[in-house]
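Please treat every number below as a calculation from the coordinates, not as lab data. Source: prediction; values computed, not measured. Neighbour counts run over all protein chains shown; Cβ positions are idealised from the backbone, glycine included.
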Amino acid sequence: MSRAAPARSSPRRAAPLPWLPPGVVVGGLLPALVLLLDARSGALGANPVQRAILQTGLLTLALLALSLACTPLRLLTSWTWPARVRKALGLLAFVYAALHFALYLFDHGFTPQVVLDDVLKRPFVTAGFAALVLLVPLAATSTRSAVKRLGFARWQRLHQLAYAAVALGALHYWWGVKKDHTGPLIAALIVAALFAVRLLWGRGRRRKKAKAGMRF
Amino acid sequence: IAQARRPLGPYDTSEAVTPYAQATTYNNYYEFGLDKADPARNAGSLRTRPWTVLIDGEVRKPVRVDIDTLQSWFPLEDRIYRMRCVEGWSMVMPWLGFPLAALLRRIEPTGKAKYVQFTALNDPKQMPGQRDAVLDWPYVEGLRLDEAMHPLTLMAVGLQGRILPNQNGAPLRLVVPWKYGFKSIKAVVRITLTEKQPKTTWALASPTEYGFYANVNPSVPHPRWSQATERRIGELRRRPTLPFNGYADQVAHLYKGMDLRRFF
């Protein structure tokens, strides 16, 4: 990648790849559009609601995993752009999770008793619902002003809930499958890799801090 | 082509029949793949002629019979049945076939016969899904003898006035309309009368989720979802699921005194 020399030297230079964050938003919303068009044309098959529920669930997991891959990617490559698309990816994941839940509610005729029964009695649904609940405060504190209000350290701790959410999401996917666990296995491996990177990096950082005598 | 409407028989439902295009492209048939669209794509490799069916076990007249001879033994009947999948969707299927009872009477079960075991074809060359050990092949299903003798229980060879499509179980499949769809085994090659309850494929694969009886029962939830409602294919909203899939008047007496929560 080559960047213009003047940009490099200016102190408040424009961020590189300025089109990337809006591009991620547009690209992330495209599957929803495709889903809508497929629903209208009948391309979702004989059981379109079921299909749409599955697809929005998969998109949620994929986007969550991508948002959590941003920091490791930035650390491994020293690229800066992953940090600038992380928020968009996280919010898109929330949008698809909300859509997934809305479709599930529609599927069950918005009957509170049915939903309550599912959430309380069926671990498969409990896990998915818990993941969604965890994403709510993250989406609500995604603004710059929320970071300021909470203070960065607290905001960061809160946003580690994303790891719990993606793990619960992967579990929900695993429990939701009848027999073939290929998809859920891939999801679980990706989540495990994200956790591993996070743990290793956290340990490395602690060691560095210990060396520098910065013990907390 | 408009078909002449025949008068409805005593076992027929008058509900709207599921369009042929949907009934033949949305199938659970793991022998041809795990996705519902897979069987329609992959079942072309199944050769349904010549096809022989072995009927043996606790019978006085065991026989190995060609499918065309077998179906010439009985007058074929139209039956419009509801079909409820354990996953929570349903269809209305106009089958063509003969009552299993007629076949059983012909081959004469002995006094020891208590169950009927059905075995499907086991040939990974014709059934590519069998290269995947996702289930223990061949697919095996079973019924209690009185369930097998019930007039609703059908051996189907046709669908909607046509020969049964491969993805729907050609050339010979079981249809038990008051039980979840997985009981209605496809591509049957063997029917064995037994003294002991057969070990059936899904009940072996996941005993907490799929029982031997598998009667449609809205009040016994699957561990992962409620069975109280279902989506009729082609409809957007769910509808309530009926006990015994709406055939309670005909079959509930078979289970008198049984705890249907235990024998799910």
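May I ask you to list the trypsin sites (Lys or Arg not before Pro) in the range B:167-264 that are in a DSSP loop and have at most 11 other Cβ atoms within 10 Å of their Cβ?
B:K196, B:K256, B:R261, B:R262
Extent along the principal axes, Cα only, for chain B: 48, 48, 44 Å, with the longest axis given first. When only Cα pairs below 8 angstrom with a gap of at least 6 residues are kept, the range B:137-251 shows a relative contact order of 22 percent. Calculated on the Cα set of the protein assembly as shown, radius of gyration then Dmax: 28.0, 96 Å. Summary value for the range B:196-264: 29 percent relative contact order, contacts being C-alpha pairs under 8 angstrom separated by 6+ residues. Note on the range B:54-92 and the range B:201-242: Cα centroid distance 23 Å, given to the nearest whole angstrom. Normalised by the number of residues in chain A, the average gap of Cα pairs under 8 Å and 6 or more apart makes the relative contact order 18 percent.
Starting from the coordinates of the alpha-carbon atoms of chain A, obtain the Kirkwood hydrodynamic radius over all distinct pairs and give the value in Å to one decimal. Could you put the intermediate results ahead of the total?
Values: mean 1/r = 0.0515 Å⁻¹.
By the Kirkwood definition, the hydrodynamic radius is 19.4 Å.
Our summary of shape: the Cα atoms of the range B:202-264 have principal axis extents of 35, 31, 16 Å, ordered from largest down, in whole angstrom. Each Lys and Arg contributes +1 and each Asp and Glu -1, all at the Cβ; summed about the Cα centre of the range B:70-141, the dipole is approximately 240 debye. Here the spin labels are modelled as points 7 Å beyond Cα on the Cα-Cβ line, and at B:L236 and B:R64 they lie 5.6 nm apart. For the range B:140-205, a Kirkwood hydrodynamic radius built from all Cα pairs, placed in the Stokes-Einstein relation at 20 °C and 1.002 mPa s, yields a translational diffusion coefficient of 170 µm²/s. The simple spin-label model puts a point 7 Å past each Cα toward its Cβ; for B:R6 and B:L204 those points are separated by 3.7 nm.
A simple spin-label model places the labels of A:D38 and B:R105 5.0 nm from each other, with each point 7 Å out along Cα-to-Cβ.
Hey, got a sec? Which trypsin sites (Lys or Arg not before Pro) in the range A:125-216 land in a DSSP loop and have at most 13 other Cβ atoms within 10 Å?
A:K179, A:R215
Using the Karplus relation 6.51 cos²θ - 1.76 cosθ + 1.60 with θ = phi - 60°, the per-residue 3J(HN,Hα) values for the range A:99-114 come to 5, 4, 5, 4, 5, 4, 4, 4, 4, 9, x, 6, 8, x, 4, 5 Hz, with x marking Gly and Pro. Charges were assigned to the Cβ only: +1 to each Lys and Arg, -1 to each Asp and Glu. The resulting dipole of the protein assembly as shown about its Cα centre is roughly 3280 debye. Projecting each Cα onto the charge dipole of the protein assembly as shown (Lys/Arg +1, Asp/Glu -1 at the beta carbon, about the Cα centre), which of A:W175, B:P124, B:S184 comes out farthest on the positive side? So the residue furthest toward the plus end is A:W175. With Cα atoms defining each centre, the range A:45-99 and the range B:103-153 are spaced 45 Å apart in the structure.
3J(HN,Hα) along the range B:234-244: x, 10, 8, 8, 6, 10, x, 8, 9, x, 6 Hz, from the Karplus curve 6.51 cos²θ - 1.76 cosθ + 1.60 with θ = phi - 60°, whole Hz, x for Gly and Pro.
Proximity of backbone amide H atoms, modeled 1.01 Å from N, is registered between B:T194 and B:E58, B:K114, B:Y115, B:V116, B:Q117 at under 5 Å, excluding neighbours fewer than 5 places apart on the same chain.
Its Cα gyration tensor gives the range B:115-264 an equivalent ellipsoid, and the semi-axes of that ellipsoid, as √(5λ) in whole Å with the largest first, are 24, 19, 17. Scanning chain B for GluC sites (Glu not before Pro) that sit in a DSSP loop and have at most 15 other Cβ atoms within 10 Å, the longest stretch containing none of them is B:16-194. Only one residue of B:P207, B:A252, B:G234 has its Cα farthest out toward the positive end of the dipole of the range B:184-264, where Lys and Arg carry +1 and Asp and Glu -1 on Cβ, and that residue is B:G234. Ranking A:S78, B:F98, A:S142 by Cα position along the charge dipole of the protein assembly as shown, where only Lys, Arg, Asp and Glu carry charges on their C-beta atoms, puts A:S78 farthest toward the positive end. Per residue of peptide A:43-54, the mean number of Cβ atoms on other chains within 10 Å of the residue Cβ is 4. Shown for the range A:93-216 is the translational diffusion coefficient from the Stokes-Einstein equation, using the Kirkwood radius over Cα pairs, a temperature of 10 °C and a viscosity of 1.306 mPa s: 94 µm²/s. Once the gyration tensor of the Cα atoms in the range A:6-126 is diagonalised, the equivalent ellipsoid follows with semi-axes of 37, 18, 11 Å, ordered largest first.
Rounded to the nearest Hz, the phi-derived 3J(HN,Hα) couplings of the range B:11-20 under the Karplus curve 6.51 cos²θ - 1.76 cosθ + 1.60 (θ = phi - 60°) are 9, 7, 8, 8, 5, 4, 6, 5, x, 3, where x marks glycine and proline.
Only lysines eight or more places from A:K179 in sequence, or on another chain, were considered; those with a Cα closer than 28 Å are A:K121, B:K36, B:K125, B:K179, B:K183, B:K186, B:K196, B:K199.
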